[in-house]
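The values are calculated or read from the model by the stated rules, or taken from the named source; none is laboratory data. Keep in mind the model is a prediction, meaning the values are calculated, not measured. Backbone-built Cβ (ideal geometry, glycine too); neighbour counts: all protein chains shown. We work out accessible area using only protein heavy atoms, side chains counted, and drop any ligands, DNA or RNA first. Shrake-Rupley method; radii C 1.70, N 1.55, O 1.52, S 1.80 Å.
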Amino acid sequence: MLETSYTLSEIAKLLGAKLQGNPECKINGIAALDRAQEGQISFLSNAQLRSHLATTQASAIILAPKEAEFYSKNALIMDNPYLGYAKVAALFQPKLTAKSGVHKTAVVGDHCQIASSASIGANVVIGDRVVIGEKTIVGHGCVIADDTTIGIDCCLWPRVAIYPGVHIANRVLIHSGVVIGSDGFGMANDNGVWQKIPQLGSVDIGDDVEIGANTTIDRGALDNTVIEQGVKLDNQIQIAHNVHIGAHTAIAACTAIAGSTKIGKYCMIGGGASIVGHIEIVDKVILVGTAVVEKSITEPGVYGSGTGILPFRELKKSIIRFRQLDDIAHRLQKLEKAKQ
Amino acid sequence: MLETSYTLSEIAKLLGAKLQGNPECKINGIAALDRAQEGQISFLSNAQLRSHLATTQASAIILAPKEAEFYSKNALIMDNPYLGYAKVAALFQPKLTAKSGVHKTAVVGDHCQIASSASIGANVVIGDRVVIGEKTIVGHGCVIADDTTIGIDCCLWPRVAIYPGVHIANRVLIHSGVVIGSDGFGMANDNGVWQKIPQLGSVDIGDDVEIGANTTIDRGALDNTVIEQGVKLDNQIQIAHNVHIGAHTAIAACTAIAGSTKIGKYCMIGGGASIVGHIEIVDKVILVGTAVVEKSITEPGVYGSGTGILPFRELKKSIIRFRQLDDIAHRLQKLEKAKQ
Amino acid sequence: MLETSYTLSEIAKLLGAKLQGNPECKINGIAALDRAQEGQISFLSNAQLRSHLATTQASAIILAPKEAEFYSKNALIMDNPYLGYAKVAALFQPKLTAKSGVHKTAVVGDHCQIASSASIGANVVIGDRVVIGEKTIVGHGCVIADDTTIGIDCCLWPRVAIYPGVHIANRVLIHSGVVIGSDGFGMANDNGVWQKIPQLGSVDIGDDVEIGANTTIDRGALDNTVIEQGVKLDNQIQIAHNVHIGAHTAIAACTAIAGSTKIGKYCMIGGGASIVGHIEIVDKVILVGTAVVEKSITEPGVYGSGTGILPFRELKKSIIRFRQLDDIAHRLQKLEKAKQ
């Protein structure tokens, strides 16, 4: 493998960063401050790691103006060093190698439009009337059902399953094990026996969405489930039917969102959150991990739930008292009144 | 595509509903009250949407007798309009098109009995001695291991994995990514090192069960894991070894049930619930979403857990006090005694 | 199928147990005390089941010395009967039948080293430069990307997806639907828009690890995600980038561990636990199911979270009071002061 290398001045240009030190310094990789070797660049985005600056072997550091005051070696100075890290890491990322064309073991249905620069992997199965855009990669073993449309520059890792009629826009990244378009959980009760409600809607995925491994997104009951542009979903997230997620919202792993809930734009939702159905969360809400949202959130802000972690012996006592809380509050009130 | 259409009197007959208005009115689809176009039928099952009746463009409405008093246009009147919706939606559901027969890319083992009307999709792998009933559809890329039996009229969406010796009854619907029959999590501790306990049981799935995307159901340790008839499981549910779920119980997404727990019939379990192992929950229990059940539930009723959602700043204060709850209760008691 | 059978003395030898009764007694299976038939062996590891000893039909029982005092029939006596059960169950486990060699429908890339005794199933796709060790079984429909190494005696059940460059040691058991090496959830915020941080690390899985169905393990951002030897992971667990799990730790289903967290050796983590990122948990910590760990745990012990299960009517009252807890504590303090 040929080593990729860049000069510090090339990287400065890419980042729009101010260069300090030797512009010809060769950079061939990126690593954390305490792991970096000569030839690698590193970054300081967390002030708690500042002490590593004194000992790091990195050949250059990306850092913020206020940190640069105390650092005299090679550096790229910019307001958001973490963004700098993201951009430099992209330089050193191995290219996904996928030959354009349809692998001979793939099975493709009738009336499909598959762009000539798209890559359809081994053992892929594609239904009828499927559209796949330029440079999109469909990984090995994916199954894409009838009438689905996938835009340009998308990447489906192996073993993704897409149900019929799903619409996926451009530059969407979908990880292995993802299921999109499965039936929403809709049933009517007929004297104790559940009657399935056919799910006639579909799923719309916007531009630049990322969907983590084994995440599931159900199709809508009548209208569509909608994931707007720029949304980032981590692994093992469950999106129920008719959920609507606003643009540029990021959701960490194992969060579950129940049916017909609408989440705003620019929200950040911690891992393992549970959001009940038929509510609305406004823009720019931050949910701490494992938050349980049982009603609409109408004001931006940071929200959470739970008791924190306790030694189990103490927890058992607190659990008993939690159940008595209303009684405790009333008794306190009584004492207060008596005192008056 | 030919448009499917029905007269209102045909639909009334199907639903057993009382017809009000024009029996010849043509219906070609179903939509929500506020989205319906001319030619579509809608329904009112949630009193909060009653105001939409005045403005809806729907050509007919399914509604309950008490709502019909105030509605004079085309209507189908029945006690459970939501059930009416389920049945009408089924009329307009696209038919799953699956050719009977075994796709040429499928790999089928020895001594299998695959019904002639069954459909085995592309790249399916079927082991030895597998039985698949009439009209059952096995989606593309499914893997069905040795000695598994699947009844009639079942539908496995693409990429389902079934381990050896599983028994699936009739009209079972299984979504993509489901795994049935994986090993239960059984280990014996041998001086700190875990020794695997082979899982010798299997899984029994009853008639009319639905299993959501990426749900996992483990095989039993010695006896079988059992899902009784009519049970409905949403996405990403985890059913551990030797769990027994009673008939017609519905479980929402991301619920986890630990080993050997027995859940009754006609229960409704909200999303994200966690149920500890080796307990019993009686019939007709309702668990609110994210309920954490750490002991048996012996009385029908509605149960839940948790603290609700709070602004994070307040949550942090409450978490500190939660840990002091037993102390708070004792101090309150002391004050009460002093007052006497 | 030939029936496998062993004499009681053969089994005693295997277990290193003391034999009581007839050494020639034939044993052809294992079952729970209340289900065992003649010819089967059973075990008593839970004192609550002691009463079954009087009525069991089992031909022999594995039990602890203190229980054996009251049991006079055929028995194998050892300190850890549950471990005895694990070992005897292994005797009666059906052998996984997998022909060595590469199935004709498998697609294998260039420069791979696949051991001659390995078994590569139907429709498997293997990338370039992949190494697969002796006697390892790769189940049907698995996809293994470029540059991945898998050791000897591993078993991948069908439909596992491994991303590029993952390292899996020996005797690793991976269940269906598992994804290893997917991108960690790393993003830098660029004026509201998320920029992906390429995940340049990989995943190291140690010897004797077991990974349950549909579990996901992300690759590291710069360094590797590490699962040390003997770790046992149940189903639907989420391991984020750069997590490090110490040897012989067992984690039950649906637990999620956020990025860069380090978990010690010999820990036991109950189902549905949520562990925040960038913390450390020392060796030998036990987390009760659904524990939410939001800070480092520095002392071994048993920890948990939550409110327990309540009737929903009571829960709603307690939730209101939980939010008032800090106020309640202050008011109590005031009363205490007034009394002094």
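Would you say A:THR136 is under 26 Å from A:ALA253 (Cβ atoms) and away from chain B (no Cβ under 14 Å)? Walk me through how you get there before you give the answer.
On the way: under 26 Å from A:ALA253 (Cβ atoms): yes; away from chain B (no Cβ under 14 Å): yes.
Here the answer is yes, as A:THR136 does meet what is asked.
Mind checking which residues of region B:284-294 are open to solvent by less than 70 Å² (accessible area, probe 1.4 Å) and more than 7 Å from chain C (Cβ to nearest Cβ)? So that I can check it myself, show each step before the final result.
To start, the set of residues in region B:284-294 that are open to solvent by less than 70 Å² (accessible area, probe 1.4 Å) comprises B:285-293.
Across region B:284-294, the qualifying residues are B:VAL285, B:ILE286, B:LEU287, B:GLY289, B:THR290.
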Consider region C:36-51. How many of its residues are open to solvent by 10 Å² or more (accessible area, probe 1.4 Å), at pLDDT 95 or above and within 30 Å of the chain's Cα centre (by Cα)? 2
Condition broken by C:SER9, with the remaining ones in (1) surrounded by 15 or more Cβ atoms within 10 Å (Cβ to Cβ); (2) outside any strand (DSSP E or B) satisfied: (1)
For region A:52-74, enumerate the residues that are closer than 16 Å to A:ALA17 by Cβ, surrounded by 14 or more Cβ atoms within 10 Å (Cβ to Cβ) and not polar (S, T, N, Q). A:ALA58, A:ALA60, A:ILE61, A:ILE62, A:LEU63, A:ALA64, A:GLU67, A:ALA68, A:TYR71, A:LYS73
From (1) of a type in the set (S, T, N, Q); (2) within 17 Å of A:HIS167 (Cα to Cα); (3) touching a Lys or Arg at 6+ places or on another chain (Cβ under 8 Å), pick out the condition that doesn't hold for A:ASN224. (3)
The condition from (1) without any contact (Cβ under 8 Å) to a residue 60 or more places away in the chain; (2) open to solvent by 10 Å² or more (accessible area, probe 1.4 Å) that C:ILE30 misses is numbered (1)
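With B:ILE297, B:ILE328, B:ILE281, B:ILE319 as the choices, which residue is free of Cβ contacts under 8 Å to residues at least 60 places away in the same chain and open to solvent by 20 Å² or more (accessible area, probe 1.4 Å)? Walk me through how you get there before you give the answer.
Details: B:ILE297 fails: open to solvent by 20 Å² or more (accessible area, probe 1.4 Å); B:ILE328 fails: open to solvent by 20 Å² or more (accessible area, probe 1.4 Å); B:ILE281 fails: open to solvent by 20 Å² or more (accessible area, probe 1.4 Å).
Testing whether each residue is free of Cβ contacts under 8 Å to residues at least 60 places away in the same chain and open to solvent by 20 Å² or more (accessible area, probe 1.4 Å) leaves just B:ILE319.
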Among (1) among the hydroxyl-bearing types (Ser, Thr, Tyr); (2) at the interface with another protein chain (Cβ under 7 Å from one of its Cβ atoms); (3) open to solvent by less than 10 Å² (accessible area, probe 1.4 Å), where does A:SER305 come up short? (3)
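Please work out if C:LEU315 is touching a strand residue (DSSP E or B) at 6+ places or on another chain (Cβ under 8 Å) and in a helix (DSSP H, G or I). So that I can check it myself, show each step before the final result.
Working: touching a strand residue (DSSP E or B) at 6+ places or on another chain (Cβ under 8 Å): yes; in a helix (DSSP H, G or I): yes.
So C:LEU315 passes the test.
Name the residues in region A:70-128 that are polar (S, T, N, Q) and either part of a helix (DSSP H, G or I) or more than 8 Å from chain C (Cβ to nearest Cβ) (or both), would you? So that I can check it myself, show each step before the final result.
Of the residues in region A:70-128, the ones polar (S, T, N, Q) are A:72, A:74, A:80, A:93, A:97, A:100, A:105, A:113, A:116-117, A:119, A:123.
A:SER72, A:ASN74, A:SER100, A:GLN113, A:SER116, A:SER117, A:SER119 - these are the residues of region A:70-128 that are polar (S, T, N, Q) and either part of a helix (DSSP H, G or I) or more than 8 Å from chain C (Cβ to nearest Cβ) (or both).
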Mind checking which pairs have a first residue in region C:93-114 that is at pLDDT below 95 and a second that is open to solvent by 50 Å² or more (accessible area, probe 1.4 Å), Cβ under 6 Å, 6 or more apart or different chains? none
Region B:8-22 residues that are touching a residue at least 40 places away in the same chain (Cβ under 8 Å) and within 9 Å of B:ALA75 (Cβ to Cβ), paired with ones that are assigned to a helix (DSSP H, G or I) and aliphatic (A, V, I, L, M) (beta carbon under 9 Å, 6 or more apart): B:ALA17/B:ILE11; B:LYS18/B:ALA12; B:LYS18/B:ALA68; B:LEU19/B:LEU8; B:LEU19/B:ILE11; B:LEU19/B:ALA12; B:GLN20/B:ALA68; B:GLY21/B:LEU8
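Restricted to region A:159-172, and to residues that are open to solvent by less than 20 Å² (accessible area, probe 1.4 Å) and assigned to a loop (DSSP other than H, G, I, E, B), which residue is nearest to A:GLY206 (Cα to Cα)?
Initial filter on region A:159-172 (open to solvent by less than 20 Å² (accessible area, probe 1.4 Å)): A:159-163, A:166, A:168-169, A:172.
Narrowing the set further to residues that are assigned to a loop (DSSP other than H, G, I, E, B) leaves A:159-160, A:163, A:166, A:169, A:172.
Working: A:ARG159: 21, A:VAL160: 17, A:TYR163: 17, A:VAL166: 11, A:ALA169: 5, A:VAL172: 8 Å.
Once the filter is applied, the top-ranked residue is A:ALA169.
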